[in-house]
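Asker: Got a structure here, written out as structure tokens. Questions coming.
We did not get these values from a lab; they are worked out from the coordinates using the rules stated. Not measured: the values here are computed from a predicted model. When we count neighbours, we look across all protein chains shown, and the Cβ atoms used for this are built from the backbone with ideal geometry, even at glycine.
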Amino acid sequence: MTGPPDLTQTWGWNEAGGEPGTGADVRLDHLTVRRGGVVVLQDISLAIPAGSVTVVVGRSGVGKTTLIRSLTGLIAPSAGAVRVSGVDIFDGRRALRTHRRRTATVFQDHALIDRLSAFDNVLLGLADFRHPLSPLPWSSAFRRRAAEALDGVGLLHRAATRTLHLSGGERQRVGVARALVRRPRLLLGDEPFASVDPTLVRRLGDEFRDLAVRSGVTVVLVLHQIETARAIADHIVGLADGTVAFDGPADEFGALAQARVFNSLRSVPTKGGSHHA
Ligand SMILES: Nc1ncnc2c1ncn2[C@@H]1O[C@H](COP(=O)(O)OP(=O)(O)O)[C@@H](O)[C@H]1O
Ligand SMILES: [Mg+2]
């Protein structure tokens with residue numbers, strides 16, 4: 001085709017029009033990922049049910065971020081496959097693009113733009129659905145979606161407030177709305193609570209879980225706070241030495257399982273230690 005792009009058209013509207021509440025099931029089939037010539041993840045197979053909350057834990061450098069970035073579609077496997085709703089997300093550009101558009105990420109401290117309103121921050125969750133050069137105001141359909149997303153987290157009354165003036169809990173809810181406005185089938189996060197005051201992590205974690213579960217999305221998070229992981233996850237995946245050292249229900253991730261994942265750091269529970277199941 002020739003001529004200038006039609007900037008009035010919304011990009012990928014079909015892919016943006018998914019129904020809410022349709023989380024995808026995710027399967028890693030013998031996934032191997034190399035970074036800089038080193039095998040980081042080795043022959044990992046996992047099944048993550050649709051609509052569940054899975055938390056990935058493990059020592060620093062074990063490959064948690066690599067795993068999340070493979071699920072996002074940013075790091076291609078050296079072998080094996082990432083299947084989302086049965087489709088290999090790396091099987092061609094179209095599959096990858098569709099996957100990226102139906103995936104959302106929650107960021108550390110939610111990465112809000114403080115000088116913008118809550119409403120405008122939520123609209124930014126849809127930025128890749130419209131033409132990057134578009135000089136036009138957001139379409140009414142997208143504005144309605146942003147309002148619905150804010151309403152869904154109970155913050156419609158704060159729509160016009162700059163996020164600078166919101167509380168920590170309200171900021172998180174704006175961050176979640178910005179993710180859910182995409183109507184994702186998969187919601188990913190790499191240590192989203194890393195910069196949160198430790199005394200608030202549990203409460204924010206619980207609230208995050210409630211919002212995500214209510215939306216029906218499938219959630220995969222990396223967390224380093226073990227107690228928060230146990231509280232908000234349905235399933236925990238523990239990585240050690242590039243493989244899966246634990247894969248089971250969160251309430252089975254007790255002292256022994258933790259020792260297996262974190263080995264030398266936790267293999268000898270100390271007297272009065274707090275890591276007993
Ligand atoms: N771009 C890269 N090039 C080479 N090695 C990398 C790269 N990114 C990560 N790594 C290595 O891969 C391993 C896993 O990293 P990462 O997934 O970030 O671990 P985690 O998130 O569990 O701390 C580390 O040993 C790290 O040094
Ligand atoms: Mg990491």
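Asker: Counting Lys and Arg as +1 and Asp and Glu as -1, what is the net charge of the other residues whose Cβ lies under 10 Å from the Cβ of GLN42?
Answerer: Working: positive: ARG34; negative: ASP43, ASP241.
Once all neighbours under 10 Å are counted, the net charge is -1.
Asker: Ok, one more. What's the angle, to the nearest 10 degrees (0 to 90), between helix 168-180's Cα axis and the longest principal axis of the chain?
Answerer: 70 degrees
Asker: Okay, helix-only estimate at 222 nm for the chain: each DSSP H run of n ≥ 4 adds -39500 (n - 2.57), divide by all residues, round to 500 deg cm²/dmol; what do you get?
Answerer: -9000 deg cm²/dmol
Asker: Which order do the peptides 257-263, 98-104, 174-180, 130-136 take when ranked by the mean count of other beta-carbon atoms within 10 Å per residue, highest first? Don't skip to the answer; put the middle values down first.
Answerer: Values: 257-263: 18.6, 98-104: 20.6, 174-180: 27.4, 130-136: 11.6.
So the order, starting with the most tightly packed, is 174-180, 98-104, 257-263, 130-136.
Asker: Which of rounded, prolate, oblate describes the chain, given a ≥ b ≥ c as roots of the alpha-carbon gyration tensor eigenvalues and a/c under 1.5 marking rounded, otherwise prolate only if a/b is larger than b/c? Please report the intermediate quantities before stating the final value.
Answerer: Working: a/c = 2.29, a/b = 1.38, b/c = 1.66.
Taking the square roots of the gyration eigenvalues as a ≥ b ≥ c, the chain is oblate.
Asker: On to the next question. Over segment 96-199, one equal point on each Cα, no solvent: what is log10 I(q)/I(0) by the Debye formula at q = 0.11, 0.20, 0.23, 0.25 Å⁻¹?
Answerer: Here log10 of I(q) over I(0) equals -0.32, -1.03, -1.30, -1.44.
Asker: Let me ask something additional. Let me check I've understood the local charge: for THR72, count other residues with C-beta under 10 angstrom from its C-beta, Lys and Arg +1, Asp and Glu -1. What total comes out? Each step should come with its number before you reach the end.
Answerer: Numbers: positive: ARG69, ARG100; negative: ASP190.
After counting each charged neighbour, the total is +1.
Asker: Just to be sure I understand: with springs between alpha-carbon atoms less than 10 Å apart, which residue in ASP91, ASP25, ASP241 has the highest mean-square fluctuation in the Gaussian network model of the chain?
Answerer: Taking springs between Cα atoms under 10 Å, the residue moving most is ASP91.
Asker: Arrange VAL55, VAL40 by Cβ neighbour counts within 10 Å, fewest through most, would you? Mind showing how you got there, number by number?
Answerer: On the way: VAL55 27, VAL40 21.
With the fewest neighbours first, VAL55, VAL40 line up as VAL40, VAL55.
Asker: How do HIS110, HIS224 line up, fewest other C-beta atoms within 10 Å first? Don't skip to the answer; put the middle values down first.
Answerer: On the way: HIS110 24, HIS224 14.
With the sparsest Cβ surroundings first, the list reads HIS224, HIS110.
Asker: Please report the antiparallel percentage of the DSSP beta bridges confined to the chain, to the nearest 5.
Answerer: Working: 22 of 40 bridges.
The antiparallel fraction comes to roughly 55 percent.
Asker: Tally Lys/Arg at +1 and Asp/Glu at -1 over every other residue whose Cβ is under 13 Å from the Cβ of ALA177; what's the total? Before the final figure, lay out each step's value.
Answerer: Working: positive: ARG145, ARG158, ARG171, ARG173, ARG178, ARG182, ARG183, ARG214; negative: ASP120, GLU148, ASP151, GLU170, GLU207.
Residues close to ALA177 contribute a combined charge of +3.
Asker: Hey, what angle do you get for helix 198-215 against the long axis of the chain, alpha-carbon based, 0 to 90 degrees rounded to 10?
Answerer: Between the helix axis and the principal axis of the chain, the angle is about 60 degrees.
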